[in-house]
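The values are calculated or read from the model by the stated rules, or taken from the named source; none is laboratory data. On a predicted model such as this, the values are computed, not experimentally measured, just so you know. Glycine also receives a Cβ, built like all others from the backbone with ideal geometry; neighbour counts cover every protein chain displayed. Areas reflect the complete protein model, heavy atoms only, side chains present, ligands, DNA and RNA absent. Shrake-Rupley method; radii C 1.70, N 1.55, O 1.52, S 1.80 Å.
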Amino acid sequence: MIGAARAVSKNTLDWAVYANKGIVWQTQSENSPTAIRAVIKQLQALTGFRNSTCVVCMEHTGLYNAHALEVLFEAQFPVWLEASLHIKQAGGLQRGKSDSVDAQRIAEYAYRFRDRLRLWQPPRPVMKKLAELTRLRQRVQGMISQLKVPLTEQKRFGDKGLTAQLGQHCSSSLKALVSDLKGIERAIKQLIADDPTLKSLFELVTSVPGIGQVVATELILASNEFKAIDDPKKLACHAGVAPFEHSSGSSVRGKTRVNHHARKSLKTLLHLAAMSALQVKGELQDYYQRKVADGKNKMLVINALRNKLIHRVYAVVTRGKKYDKTYALALA
């Protein structure tokens, strides 16, 4: 088995091949389909190299992976997408940091842990559309906030006459952006309604109290319809809501913490979902009040609620039935 790896950036890709005793080949290319196809030809020209005995391992880097994933899949290369946290933890103490060194470490990781191999499968076309519409919605929401927040602050602490004047100057832009946002949200809802699988998933996931369409969308995208990440504990880790103990022997003691290598947008949305769930009378609200009354740190309890929400989502997806309060009591 040969481990080929890529360290990914916006403009370049670093490649390394690990076989048996170490790195046997390394190069760098542009992050473009043409350049990637050229590297594939170089790989296939290596002595003893066969697609069937090679796996290309790379870290999750979102959009920057797009060209490589498409070209490698077309060329029928097995592809392994791995979380950067897993690769870093497996490497132990590390000195030095560069894309070239990262490629070597990823290649060695793929070779050493080939028994953990999980091959990547491309998402369905409808999922790609959902991801692009979701990113567009996030950008438009960001632009609305950039205009609204300063005006709100100015209104509270500044000259009211000037605030009114500033508001008039950007009122047309705000109205246009709000209109665009509504149009994007309608397109997302229509996309979901037109696809039976997505429609069913959204009905299941949004049946969990606190989980709305935005949170459900992020959960489904992050897990590729709960197929790429099929374990709630793994998704909790991916979202940065799974706490890890920080201790060593009897002398080092630290607070239990979540890892900073997390999908921060999902973590933020899960926080909002937890806060929303707290407003509804039921087992989650009772759990929060009970733990806080016992002296537990409020943020740690909220993080536990985020974790519980993830497990509830996976429970309804696994069972194929909407949220059942009676059944959920056993998971609380």
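May I ask you to derive the FRET efficiency for SER171 and LYS128 from their Cβ-Cβ distance with R0 = 41 Å, giving the value to the nearest 0.05?
The computed FRET efficiency comes out at 0.70.
Starting from the 7 Å offset along Cα-to-Cβ, what nm value, one decimal, do you get for the label separation of HIS311 and ARG290?
Reported label-point gap for HIS311 and ARG290 is 1.3 nm.
Between ALA187 and LEU117, what FRET efficiency comes out of the Förster formula 1/(1 + (r/R0)^6) with R0 = 35 Å and r the beta carbon distance, rounded to 0.05?
Here the calculated transfer efficiency is 0.40.
When the chain is fully extended, how far beyond the present Cα-Cα distance does LYS233 get from THR12, taking 0.36 nm per residue of separation?
76.3 nm
Students often get this wrong: which residues of segment 57-75 have the backbone nitrogen under 18 Å from the point 7 angstrom along Cα-to-C-beta of ARG139?
Under cut-off, by backbone N: 62-67.
Suppose accessible area is computed on protein heavy atoms with a 1.4 Å probe; arrange LYS298, LYS267, LYS21 from highest to lowest.
LYS21, LYS298, LYS267
Please give, to one decimal in nm, the separation of the simple spin-label points placed at GLN44 and GLU30, each 7 Å out from Cα toward the Cβ.
2.1
Suppose each label sits 7 Å from its Cα in the direction of the beta carbon; what would the ILE23-LEU272 distance come out to in nanometres?
Once both label points are built, they end up 4.2 nm from each other.
Test of understanding: what is the full-extension gain from VAL178 to THR197, defined as 0.36 nm times their sequence separation minus their Cα-Cα distance?
So the chain would gain 3.9 nm between VAL178 and THR197.
Taking a 1.4 Å probe, which of TRP120, TRP15 shows the most accessible area, and what order do the others take after it?
TRP120, TRP15
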